[in-house]
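Trainee: Encoded as structure tokens, here's the structure I'll be asking about.
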Amino acid sequence: MANLAERATDPELLDLGVSDAEMADSLADLRFANRWLGNRGRLLRVMRPYLAPRADGSPSSVLDIGSASCDFLSWLSEHASTRLMTTGVDLKWEHLRSAPIPDLLRVAADARALPFASGSFDVVVASLFLHHFAAGEASRVLRECARVAARVVIINDLRRARVLYAFGSLAFPLIFRSRVSVNDGLVSIRRAFKRDELVSEFRDAGLEADVISSWPYRLIAVAETGVQR
């Protein structure tokens, strides 16, 4: 069993760069995992109060950080029960170009230096992404999220646990088509947060967050930025 006492710092293969074929297989695995294990229903329930139209009746805007192939935004647009303006950001355009909705607004950018004006989006969300950043870097990402968020920053991420790692060790080789996904899935669990670690990252970013545990081994953090439009 891997040592889960502290967050791991091993890089994930998809972040380092893999062949086009392995990237495509790994992104397909991510879409599969997000569909069945991504905690989307609970995340939407947390997001819903912040998705109301603006005071002038225009739709709320949502920025998804670390969007990969934007499958969460595609799902959100179908299930939010209100019209939204959505934008996906990922460091690699190769990930974004495989979005299931071709005309979805996509921007290749570094989450640590977002190319948007302050308060550009009502809701900024990052789902299963923040664990990619080590301590200190994660708080830098959160500061950028807060800078461009007019209403709220919402983080959905893994909760580090032995049971989750044991499940992944058994299940990932069976359900994923790519060796990259098997490796990165287990690394992600080892890089994941405990609740107090996530709270600390928010505080280092100058934010107070409500953090709740959610099945299956997820943490959802909500930090309001106090601006309503």
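None of the figures in this text is laboratory data; all of them are computed from the coordinates on show. Small disclaimer: the values here were computed from a predicted structure and weren't measured. Ideal geometry is used to build each Cβ from the backbone, glycine not excepted, and the neighbour counts take in all protein chains shown.
Trainee: Please sort 64-77, 114-127, 44-57 by packing, taking for each peptide the average over its residues of neighbouring beta carbons within 10 angstrom, highest first.
Mentor: The densest-packed peptide leads the list: 64-77, 114-127, 44-57.
Trainee: Continuing with this model, one more query. Between residue 9 and residue 93, what FRET efficiency comes out of the Förster formula 1/(1 + (r/R0)^6) with R0 = 22 Å and r the beta carbon distance, rounded to 0.05?
Mentor: Efficiency, rounded to the nearest 0.05: 0.25.
Trainee: Here's something else I'd like to know. Can you tell me which of 167-174, 217-224, 153-160 comes out highest on packing, and rank the rest after it, using the mean Cβ neighbours within 10 Å?
Mentor: Output ranking for 167-174, 217-224, 153-160: 153-160, 217-224, 167-174.
Trainee: To test your reading of the geometry: what angle, between 0 and 90 degrees and rounded to tens, separates the Cα axis of helix 179-191 from the longest principal axis of the chain?
Mentor: The two axes meet at around 70 degrees.
Trainee: Please build a GNM for the chain, connecting alpha carbons under 10 Å apart, and tell me which residue among 37, 142, 63 fluctuates the most.
Mentor: Highest fluctuation among the options: 37.
Trainee: Test of understanding: what is the full-extension gain from residue 16 to residue 135, defined as 0.36 nm times their sequence separation minus their Cα-Cα distance?
Mentor: 41.0 nm
Trainee: In addition: To the nearest 0.05, what FRET efficiency results for residue 56 and residue 32 with a Förster distance of 25 Å applied to their C-beta separation?
Mentor: FRET efficiency, residue 56 to residue 32: 0.05.
Trainee: Roughly speaking, what is the stretch gain from residue 107 to residue 171, that is 0.36 nm per residue apart minus the C-alpha to C-alpha distance, in nm to one decimal?
Mentor: Extra length available between residue 107 and residue 171 comes to 19.7 nm.
Trainee: Here's something else I'd like to know. I'd like the antiparallel share, as a percent to the nearest 5, of DSSP beta bridges with both residues in the chain.
Mentor: Just about 35 percent of them are antiparallel.
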